[in-house]
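What follows is calculated from the coordinates using simple rules that are stated; it is not laboratory data. All values reported here derive from a predicted model rather than from experimental measurement. Here Cβ is always computed from backbone atoms with ideal geometry, including for glycine, and neighbour counts include all displayed protein chains.
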Amino acid sequence: MRENEIKPIFDFIALKDIENEAEKLISETSTEIEKLVQSCKVDLTKNLPPPPIAMQIKHFDRQITLFTKGNFSIVTGKAKSRKSFLISMLMATAIKGSYQNQFFCPSTGMNILFDTEQAEHKVLQVSQRICRLAESQQPENFIPYHLRTLDPLQRLEVIEHVLSKTPNLNFVAIDGIVDLEIDPILQAEQAQKIISKLMKWTEIYNIHIVCVLHYNKSVSTLLGHLGSFAHRKADCIIEVEKDSDSENISFVKAVDCREMEFLPFAFSIDEIGLPNIESEMILTKSKAMPKAEKQPKKKVLTANEVEPNFHTQILNEAFRVNKEQTYSDLWKTLKLAVESICNEKLGDNKAKDFVTYYQQEQKIVKIKVKNKDLYTLNEPKEIEFN
């Protein structure tokens, strides 16, 4: 009987302990959040200098800012357009300080290359090419890493560890950021994780990271969710494209830059496999072959060229009757909708490109209905295009 009388007292004491622990946890959590809030608060009395210049590029007869520290950039283009050759020139610039009077690096420090795509032998070839461009057999301020054999999570961990343990970082290149997660092309959460890592690393270590990310096969846009997020956050998007008239020439142009856009230029590959800037070629080619002569055919409309309000009308028209459609039905209705709204005729492949574009912009989503893939509007009440 006495035991039954004492037990409620113990229950009361235990309950009070639990309540005290909960209150303590809430208080500690609130304190941590408050610290976080204060750390994010902008002090209007501060006099912060602009971000340091990471690299400059020749623009007519002067040098303009290409990259700034605390940011990342994207080098893109179709497969085999020689994106890695441009990365080699940029890395050689960071090592040596300049390259062929085209690129200039005013800062010094350790420069690192992470390659996620190629086998060790190929990474060694690329690294040796960089050394030749930098005119040094084994520069002390350059370390390359091959990450192809690692799992995506291990690649992220290796990069994070190297950056945290390398003193006096200057410039970093990641050839193949798509390989830092399992599927950042179709999975928005994985894509966002990669971009968050890039923004974190560049700010914490006060460096610039230039990354390689391919174009889509069918349209000249950055791949999937990763490409969409990268385009919004990147300091600069640079495109490399092979010359249609000469297999030995590639052109480099600014797609989107926060700083002043540089003048397009060309580079060729010599007999020993090294890139050389063809500084006058783009100007000569442009003057000899103006756009009116170079492109006599009418340009086919692409999704990127459509005005945002027209996109809204196109989607509303395409889904006006059927809210859920098969892929075959969808591209056909989009084809008719574009013709109706924009007064432009599309081929079948271009109509399919519109489907790809709207999926990347997260305006159309694929759903499963009775084991059948169907496409529908994502948040149909709020169709917005930036």
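Along the charge dipole of the chain, Cβ charges K/R +1 and D/E -1, which of Thr31, Met55, Tyr358 sits furthest on the positive end?
Tyr358
Short version: ³J(HN,Hα) in whole Hz for each residue of segment 234-241, in order, from phi by Karplus 6.51 cos²θ - 1.76 cosθ + 1.60 (θ = phi - 60°), x for Gly and Pro, what are they?
So the J values, rounded to whole Hz, are 6, 6, 7, 10, 10, 10, 10, 9.
Quick one: what are the phi-derived ³J(HN,Hα) couplings along segment 194-204, Karplus 6.51/-1.76/1.60 with θ = phi - 60°, whole Hz, x for glycine and proline?
Residue by residue, segment 194-204 yields 5, 5, 4, 5, 4, 5, 5, 4, 5, 7, 4 Hz.
Please work out whether the chain counts as rounded, prolate or oblate from its C-alpha gyration tensor, where a ≥ b ≥ c are the square roots of the eigenvalues and a/c under 1.5 means rounded, while otherwise a/b larger than b/c means prolate and anything else oblate?
Taking the square roots of the gyration eigenvalues as a ≥ b ≥ c, the chain is oblate.
Determine the dipole magnitude for segment 134-205: charges of +1 sit on the beta-carbon of Lys and Arg, -1 on that of Asp and Glu, nothing else is charged, the reference point is the Cα centre, and the result goes in debye to the nearest 20.
Charge dipole, segment 134-205, about its Cα centre: 140 debye, nearest 20.
Just the number, please: percent antiparallel of the DSSP beta bridges in segment 53-290, rounded to the nearest 5.
So the antiparallel bridges amount to about 50 percent of the total.
With +1 on each Lys and Arg Cβ and -1 on each Asp and Glu Cβ, how big is the dipole of segment 53-290 about its Cα centre, in debye rounded to the nearest 20?
Computed about the Cα centre, the dipole is about 260 debye.
Past 27 Å, Cα to Cα, is the threshold; run Lys350/Lys370; Lys193/Lys372; Lys332/Lys366; Lys197/Lys350; Lys41/Lys200; Lys35/Lys200 against it and keep the listed order.
Pairs exceeding 27 Å: Lys350/Lys370; Lys193/Lys372; Lys197/Lys350.
Among Tyr327, Leu169, Asn71, whose Cα projects farthest towards the positive end of the dipole of the chain, with charges put on the beta-carbon of Lys, Arg (+1) and Asp, Glu (-1)?
Looking along the dipole axis, the top candidate is Tyr327.
Among 166-178, 34-46, 99-111, what's the highest-first ranking by average C-beta atoms within 10 angstrom per residue?
Ranked from most to least packed, the peptides come out as 166-178, 99-111, 34-46.
What are the residues whose amide H is under 5 Å from the amide H of Ile364, where those residues sit 5 or more places off or on another chain and H is modelled from the backbone?
Under 5 Å from the amide H of Ile364 lie the amide H atoms of Gln359, Asn378, each far enough along the sequence or on another chain.
Add -39500 (n - 2.57) for each DSSP H run of 4 or more in the chain, then divide by its residues: what number comes out at 222 nm, to the nearest 500 deg cm²/dmol?
Roughly -13500 deg cm²/dmol at 222 nm, from the helical runs in the chain.
Please give the charge dipole size of segment 311-374, origin at the Cα centre, charges +1 on K and R Cβ atoms and -1 on D and E Cβ atoms. Round to the nearest 20 debye. Write out the running numbers ahead of the final one.
Values: 12 positive and 9 negative charges, 57 e Å.
Result for segment 311-374 is approximately 280 debye, rounded to the nearest 20.
Just rank Val338, Val321, fewest to most, by other beta-carbon atoms within 10 angstrom.
Val321, Val338
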